[in-house]
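Undergrad: Here it is: the structure, laid out below.
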Amino acid sequence: MACFLVPTAEAVVTTIITKAEESKEKKIQVELPEHKAVQAEEVKIPLSRKLHWLNYLLFGGAVLLAFEHLWHGEVVPWFPFLTAASNPSDTATMLHEMSTVGVTMAVLVTAVWVVMCLVADSFAKKENRARALQSGGAVR
């Protein structure tokens, strides 16, 4: 009924965190110009980019779920927008679905994102090792 609202809420929170992280990363690049030179040698995926991945996963899934609920008539274009919100007994069912299905979906998407980040970091680490071997430097 309204399970898509939980991943949407998480996506809004992570969007705010992403914007804060981007400004922090820009501030570091401005304050430490030598940091940019070190960063050019070493492959590293910034946290803000990883958070963008999470936002895409969460917002994309939420949009698809909202469309599915719209298709089945559970979401309507007039107030209160959710058909379950018009009846108190249906509201309890809706809240239960949000707390079980919605939270489970949000946690699962976040877990998939964590695995994605670990895999991406391992690829970056392999790239750094390959570059170090090519340049004759020490392997980390």
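Conditions tested, residue by residue: (1) open to solvent by less than 40 Å² (accessible area, probe 1.4 Å); (2) not small (Gly, Ala, Ser).
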| position | (1), (2) |
| --- | --- |
| Thr91 | yes, yes |
| Ala106 | yes, no |
| Val109 | no, yes |
| Val112 | no, yes |
| Met116 | no, yes |
| Val119 | no, yes |
| Gln134 | no, yes |
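Undergrad: Write out, first by first residue and then by second, each pair whose Cβ atoms fall under 8 Å of each other, whose residues are 6+ apart or on separate chains, and whose first residue, in segment 55-76, is small (Gly, Ala, Ser) while the second is at pLDDT below 90 and surrounded by 13 or more Cβ atoms within 10 Å (Cβ to Cβ).
TA: Ala66/Val75; Gly73/Thr83
Undergrad: Would you point out the residue of segment 79-98, among those that are in contact (Cβ under 8 Å) with a residue 24 or more places away in the chain and of a type in the set (S, T, N, Q), that is farthest from Ala66 (Cα to Cα)?
TA: Only one residue fits best here, namely Thr93.
Undergrad: Please give the helices (runs of 4 or more DSSP H) falling wholly within segment 1-119 in which 3 or more residues are at pLDDT 95 or above.
TA: Working: elements: 5-31, 33-41, 47-71, 88-97.
Of the helices (runs of 4 or more DSSP H) lying wholly inside segment 1-119, those with at least 3 residues that are at pLDDT 95 or above span 5-31, 47-71.
The values are calculated or read from the model by the stated rules, or taken from the named source; none is laboratory data. Fair warning: this is a prediction, and the values are worked out from it, not measured in the lab. Positions of Cβ are generated from backbone atoms using ideal geometry, with glycine treated the same way; all protein chains shown enter the neighbour counts. Surface accessibility is based on the protein's heavy atoms, side chains included, excluding ligands, DNA and RNA. Shrake-Rupley method; radii C 1.70, N 1.55, O 1.52, S 1.80 Å.
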